[in-house]
Amino acid sequence: EMQVHAAGGYAVYFCNPRGSLGYGAEHALTIRNDWGNHVMHDILSGVDNIMERANIDPKRMAVTGGSYAGYMTAWIIGHDQRFACAWAQRGLYNLTSFFGTSDIPQLVEREFEARGFEDVERLWSQSPLAYVENMRTPLVIEHQDNDWRCPPSEGEQLFAALKRLGRTVTLLRYPRDGHEMTRSGEPTHRVDRLNRMLEWFGTYCMAKKDARSTRAS
């Protein structure tokens, strides 16, 4: 995916923020009970750093990511307006509903020390859907019909709310495939997704030949 974007003329920023693997358990566990703020800070700090060192047009940046990074893509556009467009891949957007529909409800119990029906206000405050009224960035929400990890119902909730608010949003669903579609899904789906993503980014970022994009992960 990143190579496709780079080949399309974009500068690609791919980061390893707090909560991710690679820097030990302490680094990975830092975001327990706070999935949103720490990671967004790390990603956007990296964006600021890249902006200082490279020829990036701040009005033509895009953000995308999948699974947790789909969550983070929605979280970012609910708190920051710098991106021209966004593409949220197979994400989770409501922690309380995710607890009841995902094949890994224990993720909520482990990360937030509460089940989906406990401490609902805190879980809601960590759900991107809670900030939907602040989302004004044109967004594609992508899901796969057989995704049991982050079910399509997560994206449907976010899509319905944004449509009610009159925002620019598209819901894209692929039949038969699951959470791993981007890596092992039907080849025609994988190619179609990449082409659609490039087209979406191009609509909002390619005002000039040397347009640039940013990717969260």
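The values are calculated or read from the model by the stated rules, or taken from the named source; none is laboratory data. As the structure is a computational prediction, the values presented were derived from the model and not from experiment. Note: ideal-geometry Cβ built from the backbone for every residue, glycine included; neighbour counts use all protein chains shown. Surface accessibility is based on the protein's heavy atoms, side chains included, excluding ligands, DNA and RNA. Shrake-Rupley method; radii C 1.70, N 1.55, O 1.52, S 1.80 Å.
Using only Cα atoms and rounding to the nearest 10 degrees, what angle (0 to 90) does helix 68-77 make with the longest principal axis of the chain?
Tilt of helix 68-77: around 70 degrees.
Once the Cα atoms of helix 152-164 and of the chain are each reduced to a long axis, what angle between those two axes, in degrees from 0 to 90 to the nearest 10, is obtained?
The angle comes out at about 70 degrees.
If you take the Cα Rg of region 79-149 and divide it by 2.2 N^0.38 Å, with N the number of residues, what do you get?
1.21
Report, to one decimal in Å, the Kirkwood hydrodynamic radius for region 59-217 based on all distinct Cα pairs.
15.8 Å
Can you give me the solvent accessible area of Trp124 with a 1.4 Å probe, rounded to the nearest 10 Å²?
100 Å²
Counting only residues 5 or more places away or on other chains, whose amide H sits under 5 Å from the amide H of Val169 once H atoms are built in the peptide plane?
Residues meeting the amide H criterion: Leu139.
So what are region 74-116's ellipsoid semi-axes, whole angstrom, largest first, if each one is the square root of 5 times an eigenvalue of the alpha-carbon gyration tensor?
Here the semi-axes work out to 26, 11, 7 Å.
Please report Rg (one decimal) and Dmax (integer) in Å for the Cα set of region 39-103.
When restricted to the Cα atoms of region 39-103, Rg and Dmax are 13.6, 45 Å.
Let's see if you can work this out: charge +1 on each Lys and Arg Cβ, -1 on each Asp and Glu Cβ, no other charges. What is the dipole magnitude of region 11-96 about its Cα centre, in debye to the nearest 20?
Roughly 220 debye for region 11-96.
Give me the accessible area per residue for the chain, probe 1.4 Å, as a whole number in Å².
That works out to 47 Å² for each residue.
May I ask you to compute the full-extension gain from Val12 to Asp57, defined as 0.36 nm times their residue separation minus their alpha-carbon distance, rounded to one decimal in nm?
Between Val12 and Asp57, full extension yields an extra 14.9 nm.
What part of the accessible area of region 27-169, given as a whole %, is carbon or sulfur when the probe is 1.4 angstrom?
On the way: 2920 of 5910 Å².
The value for region 27-169 is 49 percent carbon and sulfur by accessible area.
Give, rounded to the nearest 20 debye, the magnitude of the charge dipole that the chain has about its Cα centre when Lys and Arg contribute +1 at Cβ and Asp and Glu contribute -1 at Cβ. Walk me through the numbers before you get to the answer.
Values: 25 positive and 27 negative charges, 167 e Å.
Approximately 800 debye in magnitude.
If you line up the Cα atoms of region 1-135 on their principal axes, what length do they span on each, largest first, in Å?
47, 36, 24
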